[in-house]
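One structure is given below, encoded as structure tokens.
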Amino acid sequence: MTVTRGLEGVVATTSSISSIIDDTLTYVGYDIDDLAENASFEEVVYLLWHRELPTKAQLEELKKQLAENADIPKEIVEHFKLYPIANVHPMAALRTAVSLLALYDEEADDMTKEANYRKAIRLQAKIPTIVAAFARVRKGLEPVAPRRDLSFAANFLYMLTGQEPDAVAAEAFDKALVLHADHELNASTFTARVCVATLSDMYSGITAAIGALKGPLHGGANEAVMKMLTEIGTVDNVEPYIRGKLANKEKIMGFGHRVYRKGDPRAKHLKKMSEKLTKLVGEPHWYEMSTKIEEIVTSEKALPPNVDFYSASVYHCLGIDHDLFTPIFAISRTSGWIAHILEQYDNNRLIRPRAEYTGPGKRSYVPIDERG
Ligand SMILES: CC(=O)SCCNC(=O)CCNC(=O)[C@H](O)C(C)(C)COP(=O)(O)OP(=O)(O)OC[C@H]1O[C@@H](n2cnc3c(N)ncnc32)[C@H](O)[C@@H]1OP(=O)(O)O
Ligand SMILES: O=C([O-])CC(=O)C(=O)O
């Protein structure tokens with residue numbers, strides 16, 4: 001048996017959703033640079049689910065469906081109040097809430113194409129409402145009901161704060177959502193596909209994916225980056241802090257990637273946004289610290305920043321709590337997870353690799369009284 005640790009380089013499926021070739025990322029053939037500059041998140045959701053950009057009418061219909069399905073059962077909010085919410089990570093709460101959501105969907109186990117599409121809409125629409133409600137309930141605030149007249153991005157910021165965001169914030173957040181929407185067979189998407197390839201339901205697939213995204217080697221890195229920036233504190237402290245970590249063979253969060261070699265094409269967009277927003281909110285040191293870290297890590301380790309590095313300071317400037325950074329990633333990536341789940345259902349085969357056994361050789365059972 002040949003073991004490929006971490007399945008590096010293993011091609012496990014075909015997919016017509018997104019591709020990474022020579023460090024270029026495309027969604028259904030459209031370069032991420034093009035989409036980041038021009039497309040709204042709702043257009044990207046349509047693109048990922050239908051493999052074509054929407055017409056005006058198709059886009060309006062999708063927006064309407066998302067807006068109409070954004071309310072969540074009151075039991076989800078009541079559930080937040082049953083546990084010590086102040087000590088619970090929002091990704092753990094989101095994972096549980098999405099699982100709970102399935103219990104309020106009569107179509108949860110209906111595997112028809114039509115029901116799966118309706119569930120896709122419900123999940124994409126309700127996940128932001130869950131995240132925003134959790135963020136408010138833990139501060140002793142009432143959830144803010146979703147607004148149907150706002151864009152997907154603006155509505156999330158509105159539900160979080162109770163204030164309609166200004167155009168700069170709404171546009172920046174929308175662009176961040178576009179940049180995080182899909183990424184070929186990353187760990188959480190693979191998890192979703194493994195789960196639903198048993199012909200389990202969409203809620204199970206998304207719940208599993210949220211669990212995989214939570215880890216700091218994947219989506220959890222954006223929160224870890226902000227923790228690092230906060231610990232470093234000043235531009236002068238970057239050099240000793242980063243060199244110390246590298247000398248101890250510790251990883252620098254937000255750097256490196258399993259697939260990209262020259263660099264993550266999403267990072268430059270977030271870097272530009274970080275430069276602009278940190279200046280705008282009068283906290284340019286986050287950007288200055290980040291670029292200094294980038295200089296050192298690229299020169300010492302030849303590791304470029306990934307999508308999680310500059311997104312941290314971007315979200316911080318939008319006034320978002322640091323432990324909500326990964327749930328925000330989940331809000332966007334739900335669109336990609338759903339596209340992959342639907343693609344898996346359309347051409348399914350159980351995903352079941354092998355393991356090379358390395359335990360003891362064959363042994364005989366020893367009765368408990370005779371064991372030393
Ligand atoms: C949305 C996303 O998921 S993007 C990724 C988010 N994750 C992070 O930012 C966490 C930090 N980065 C990492 O841990 C890794 O680069 C990963 C998990 C992204 C990719 O991991 P892999 O492809 O398995 O690479 P692996 O962890 O084996 O690293 C290869 C070598 O580069 C080093 N390396 C990789 N990333 C880093 C890093 N961020 N800082 C320092 N060294 C690193 C490793 O220590 C290892 O060195 P060695 O060969 O001397 O032992
Ligand atoms: O593709 C990966 O391994 C991780 C990543 O960048 C993503 O999920 O956006």
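The values are calculated or read from the model by the stated rules, or taken from the named source; none is laboratory data. Everything numeric here is computed off the predicted structure, so don't read it as measured data. Cβ coordinates were reconstructed from backbone atoms using ideal geometry, including for glycine residues, and neighbour counts include every protein chain displayed.
Miscellaneous remarks
- Subset of the stretch 233-251 (residues that are of a type outside the set (A, V, I, L, M, F, W, C), touching a residue at least 24 places away in the same chain (Cβ under 8 Å) and either surrounded by 15 or more Cβ atoms within 10 Å (Cβ to Cβ) or not in a helix (DSSP H, G or I) (or both)): THR234
- Residue check for PHE41: at pLDDT 95 or above, of a type in the set (Phe, Trp, Tyr) and over 20 Å from the mean Cα position of the chain (by Cα): no
- Restricting the stretch 215-227 to residues that are under 13 Å from the mean Cα position of the chain (by Cα) and of a type in the set (A, V, I, L, M), the residue that is surrounded by the fewest Cβ atoms within 10 Å (Cβ to Cβ): LEU217
- Single residue of SER313, SER332 found to be buried (at least 24 other Cβ atoms within 10 Å of the Cβ), assigned by TED's automatic domain parsing to the domain that holds VAL28 and out of contact with any strand residue (DSSP E or B) (no Cβ under 7 Å at 6 or more places or on another chain): SER332
- Elements of type helices (runs of 4 or more DSSP H) in the stretch 16-101, at least 2 residues being assigned by TED's automatic domain parsing to the domain that holds THR129 and either touching a strand residue (DSSP E or B) at 6+ places or on another chain (Cβ under 8 Å) or surrounded by 22 or more Cβ atoms within 10 Å (Cβ to Cβ) (or both): 32-38, 41-50
- Odd one out for VAL259, checked against (1) buried (at least 17 other Cβ atoms within 10 Å of the Cβ); (2) within 13 Å of ligand 2 (Cβ to nearest atom): (1)
- When each of ALA212, ALA154, ALA169, ALA192 is tested for being touching a Lys or Arg at 6+ places or on another chain (Cβ under 9 Å) and buried (at least 18 other Cβ atoms within 10 Å of the Cβ), the lone residue that passes is ALA154.
- All positions within the stretch 289-310 that are touching a strand residue (DSSP E or B) at 6+ places or on another chain (Cβ under 6 Å), over 13 Å from GLU275 (Cβ atoms) and away from ligand 2 (no atom under 16 Å from the Cβ): VAL297
Listed here are the residues, each with its yes/no results for (1) part of a helix (DSSP H, G or I); (2) not hydroxyl-bearing (Ser, Thr, Tyr).
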site	(1), (2)
THR207	yes, no
ILE210	yes, yes
GLU231	yes, yes
LYS262	no, yes
LYS268	yes, yes
TRP286	yes, yes
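- Test: residue in the stretch 1-11 that is modelled with pLDDT under 95 and either in contact with a Pro (Cβ under 9 Å, 6 or more places away or on another chain) or part of a loop (DSSP other than H, G, I, E, B) (or both): yes
- ALA267 vs. criteria aliphatic (A, V, I, L, M), touching an Asp or Glu at 6+ places or on another chain (Cβ under 6 Å) and buried (at least 22 other Cβ atoms within 10 Å of the Cβ): no
- Set PHE173, PHE190: member being under 16 Å from the mean Cα position of the chain (by Cα) and away from ligand 2 (no atom under 16 Å from the Cβ): PHE173
- Within the stretch 183-203, residues that are within 15 Å of SER15 (Cβ to Cβ) sit with their Cβ atoms under 6 Å from residues that are modelled with pLDDT of 95 or more and away from ligand 2 (no atom under 16 Å from the Cβ), at 6+ positions apart or across chains, in these pairs: ARG193/GLN344; VAL194/ILE351; VAL196/GLN344; ALA197/GLN344; ALA197/ASN348; ALA197/LEU350; ALA197/ILE351.
- Enumeration of residues in the stretch 193-250 that are of a type outside the set (A, V, I, L, M), in contact with a helix residue (DSSP H, G or I) (Cβ under 6 Å, 6 or more places away or on another chain) and away from ligand 1 (no atom under 12 Å from the Cβ): ARG193, CYS195, TYR203, SER204, GLY205, THR207, GLY211, TYR241
- So ARG118, is it among the charged types (D, E, K, R), surrounded by fewer than 23 Cβ atoms within 10 Å (Cβ to Cβ) and in contact (Cβ under 8 Å) with a residue 12 or more places away in the chain: no
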